[in-house]
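J.: The structure's right below; bear with me while I get my questions together.
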Amino acid sequence: MSRFHIGLIINPLAGLGGPAGLKGSDGVAEQALALGSEPKAALRTRTALDCLAELKDRVEFVTFPGSMGADLLGDMGFAHRVIGAIAQQTTAADTRNAVELLQDAGVALILFAGGDGTARDICAAVREGQPVLGIPAGVKIQSGVYAISPRAAGELTARLITGGLVRLASGEVRDIDESALREGRVTARWYGELSVPEEGGYVQQVKQGGVESEELVLGDLADWLQDSWEDDVRYVFGPGSTLHGLARNLGLETTLLGVDVIENGQLLASDVTEAQLYALVADHPARLLVTAIGGQGHIIGRGNQQISPRVLRAIGLEHLRVVATKRKLGTLQGRPLLVDSGDIALDDAFPDAVRVWAGYKEELLYPLSR
């Protein structure tokens with residue numbers, strides 16, 4: 001099994017201002033150190049990573065030199081790759097640069113330790129849809145992008161690595177004006193939102209006994225898709241009963257075992273060949289919906305060879321979404337989703353975790369292997 005790649009950013013200055021009574025750490029780190037404050041961010045991160053100790057053979061971190069991550073990971077014995085460079089005392093620019101480089105490296109999740117100032121820096125550089133999760137280590141934690149504790153951050157990350165259901169939610173980034181706070185005024189500001197994992201469960205559309213209703217979920221998914229159709233974009237529906245049922249809820253009669261193309265809410269082409277599909281998406285905006293083979297987990301390369309490597313490249317992996325109910329994911333018993341396109345370089349380009357549409361405006365983040 002390939003390793004799960006996680007980005008790690010530690011703001012070593014986070015939380016320094018708290019013990020010194022400075023109401024925060026922004027711009028006062030040197031003063032806090034002079035007053036005897038000791039860095040705690042690495043210790044808080046260690047608590048989170050302790051939860052991954054038994055998964056060391058399944059995870060590889062991508063991080064930054066020294067106190068931004070490499071020192072701690074080396075000390076704890078985690079496999080890691082060091083990228084970038086930092087100054088002797090880290091800055092907000094270092095954090096923003098780290099986010100850019102980690103995204104370029106294709107990590108499935110960015111773990112970061114800090115406070116609201118760190119969250120602001122993350123928000124300023126993160127791309128839409130990149131999952132992130134904060135390890136609380138700052139003085140102020142107003143933002144809804146942090147786990148409730150370092151241990152909770154570690155447990156949630158472990159759940160993702162082992163194939164537990166992890167939902168993606170939107171978390172607000174907020175920060176208090178520290179200079180105003182030191183003058184006795186509380187002024188908070190909204191800076192944006194980040195995509196944050198949280199524990200997924202059987203929380204909606206259930207029958208008695210907690211058994212998920214496939215029919216109701218497909219109806220919900222159809223409503224969501226209908227609400228979010230993009231004009232003049234071609235939606236490729238892969239084979240399988242899940243997508244066939246989704247289409248029927250949209251009033252469309254697709255083929256059960258074929259690949260169909262929908263545009264502007266209408267069936268554009270039915271049961272297409274690979275050549276026909278490539279001609280339809282090569283020079284036209286497109287989205288790809290596939291499902292997983294229940295109990296096995298393949299999303300590419302089994303029963304949908306019409307979705308070839310050149311088709312995948314034309315559509316773009318960022319435009320792929322897996323559609324699967326929680327019941328279907330449960331049949332995998334924690335095993336990852338699988339791809340086998342026949343093109344090793346393309347398979348390696350897939351992320352370590354993919355977005356799964358599982359209900360109305362409900363996305364899960366689920367691990368993927370090659």
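J.: Semi-axes of the equivalent ellipsoid of segment 277-339: what are they in whole Å, largest first, if each equals the square root of 5 times a C-alpha gyration tensor eigenvalue?
T.: Values: eigenvalues 122, 25, 14 Å².
Each semi-axis is the square root of five times an eigenvalue, giving 25, 11, 8 Å.
J.: Let me ask something else about it. When ASP271, ASP231, ASP347 are ordered from fewest to most other Cβ atoms inside 10 Å of their Cβ, what list results?
T.: Details: ASP271 14, ASP231 8, ASP347 20.
Taking fewest neighbouring Cβ atoms as first place, the list is ASP231, ASP271, ASP347.
J.: Please label the shape of segment 45-168 as rounded, prolate or oblate, based on the square roots a ≥ b ≥ c of the eigenvalues of the alpha-carbon gyration tensor (a/c under 1.5 means rounded; beyond that, a/b larger than b/c means prolate, else oblate). The partial results should precede the final answer.
T.: Values: a/c = 1.37, a/b = 1.14, b/c = 1.21.
Note, shape of segment 45-168 comes out rounded.
J.: Another question about this same structure. What is the local net charge at ASP271, summed over the other residues whose Cβ is closer than 14 Å to its Cβ (Lys, Arg +1; Asp, Glu -1)?
T.: It works out to a net charge of -3.
J.: Now a separate question. Which whole-number percent gives the relative contact order of segment 212-263, counting Cα pairs below 8 Å spaced six or more residues apart?
T.: Normalised by residue count, the contact order of segment 212-263 is 41 percent.
J.: Sticking with this structure for a sec: So how strong a dipole does the chain carry about its Cα centre when Lys and Arg Cβ are +1 and Asp and Glu Cβ are -1, to the nearest 20 debye?
T.: 800
J.: Is it possible to state the helix-based mean residue ellipticity at 222 nm for the chain, with each DSSP H run of 4+ residues giving -39500 (n - 2.57), the sum divided by total residues, to the nearest 500 deg cm²/dmol? What is it?
T.: Mean residue ellipticity at 222 nm (helix-derived): -8500 deg cm²/dmol.
J.: Lys and Arg at +1, Asp and Glu at -1: add these up for the other residues within a Cβ distance under 9 Å of LEU156 and post the number.
T.: That works out to -2.
J.: Of LEU257, TYR366, LEU225, which is farthest along the charge dipole of segment 223-370 in the positive direction, counting Lys and Arg as +1 and Asp and Glu as -1 at C-beta?
T.: Result: TYR366.
J.: Could you line up PHE350, PHE61 from fewest to most neighbouring Cβ atoms inside 10 Å?
T.: PHE350, PHE61
J.: Given an 8 Å cut-off on Cα distances and at least 6 residues of separation, report the relative contact order of segment 257-370 as a percent.
T.: Answer for segment 257-370 is 24 percent.
J.: Now for a separate question. At a 10 Å Cβ-Cβ cut-off, how would you order LEU165, LEU111, LEU72, fewest neighbours first?
T.: Ascending Cβ contact count within 10 Å gives the list LEU165, LEU72, LEU111.
J.: I want the local charge near ASN97. Using Cβ-Cβ distances under 13 Å, sum +1 for each Lys or Arg and -1 for each Asp or Glu among the other residues.
T.: With Lys, Arg at +1 and Asp, Glu at -1, the neighbours total -3.
J.: Now a separate question. Note down the Stokes-Einstein diffusion coefficient of segment 208-369 in µm²/s, whole number, using a Kirkwood radius over alpha carbon pairs, 25 °C, and 0.890 mPa s.
T.: D, rounded to a whole number, is 156 µm²/s.
J.: Kirkwood Rh over alpha-carbon pairs of segment 76-132, then Stokes-Einstein at 20 °C and 1.002 mPa s: what D in µm² s⁻¹, rounded to an integer?
T.: It diffuses with D of about 176 µm²/s by this estimate.
J.: Compute the distance in nm between two label points, each set 7 Å from the Cα along the Cα-to-Cβ direction, one at LEU257 and one at ALA345.
T.: Going from the LEU257 label point to the ALA345 one covers 3.4 nm.
J.: Using only alpha carbon pairs under 8 Å that are at least six residues apart, calculate the relative contact order of the chain and give it in whole percent.
T.: On the way: 796 pairs, mean separation 52.9, N = 370.
Relative contact order for the chain comes out at 14 percent.
Rule-based calculations on the coordinates, nothing more; no lab input. All of these numbers come straight from a predicted model, not from anything done at the bench. Using ideal geometry, Cβ is built from the backbone for each residue, glycine included, and neighbour counts are taken over all protein chains shown.
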